[in-house]
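For reference, the structure is listed below as structure tokens.
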Amino acid sequence: MTAAPSDLLCELLAQSLSAWHVSGEVRRESGSAILISGGGRQILVEPAPPGLPFRWHVTVDDRKRPAISVVAVLRQTREALDPGYATQRVRVAAFPLVLT
């Protein structure tokens, strides 16, 4: 990952913390890594090595998980920093809407 996309992701994460009303700090680390600190936790977002089916690794409490998209990075970050956040899954399908 080049510096430009990593810079954009860093800014998106910083703005997301503000929008979620979660106090914390987002800063670039060596290379393209991003460190997020808040709520007594540290989250490290790193680009995945080439050839893997996902784009980032998100490490929370020494547990490294893959993230296939920016949305996955945002979800994992919010789940880790905002204990009151209720995750909601959305399923998109090519079927007509059925009302009951």
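Kindly establish whether Val58 is assigned to a helix (DSSP H, G or I), under 18 Å from Arg27 (Cβ atoms), out of contact with any Leu (no Cβ under 6 Å at 6 or more places or on another chain) and among the aliphatic types (A, V, I, L, M).
In short, no.
Kindly establish whether Asp62 is surrounded by fewer than 18 Cβ atoms within 10 Å (Cβ to Cβ) and either in contact with a His (Cβ under 7 Å, 6 or more places away or on another chain) or in contact (Cβ under 8 Å) with a residue 40 or more places away in the chain (or both).
no
One residue is enough: does segment 81-88 have a residue meeting the conditions modelled with pLDDT under 90, of a type in the set (Asp, Glu) and not in a helix (DSSP H, G or I)?
yes
How about segment 1-48: which of its residues are of a type in the set (D, E, K, R) and in a loop (DSSP other than H, G, I, E, B)?
Glu29
Exactly one of these conditions fails for Gly51: (1) assigned to a loop (DSSP other than H, G, I, E, B); (2) in contact with a strand residue (DSSP E or B) (Cβ under 7 Å, 6 or more places away or on another chain). Give me its number.
Of everything listed in (1) assigned to a loop (DSSP other than H, G, I, E, B); (2) in contact with a strand residue (DSSP E or B) (Cβ under 7 Å, 6 or more places away or on another chain), Gly51 misses just condition (2).
Tally up the residues in segment 19-58 that are of a type in the set (Ser, Thr, Tyr) and either surrounded by fewer than 11 Cβ atoms within 10 Å (Cβ to Cβ) or modelled with pLDDT under 90 (or both), please.
So the count comes out to 2.
The values are calculated or read from the model by the stated rules, or taken from the named source; none is laboratory data. What you see is a predicted model, and the numbers here were worked out from it, not measured in a lab. Every residue, glycine as well, gets a Cβ built from its backbone with ideal geometry; the counts of neighbours run over all protein chains shown.
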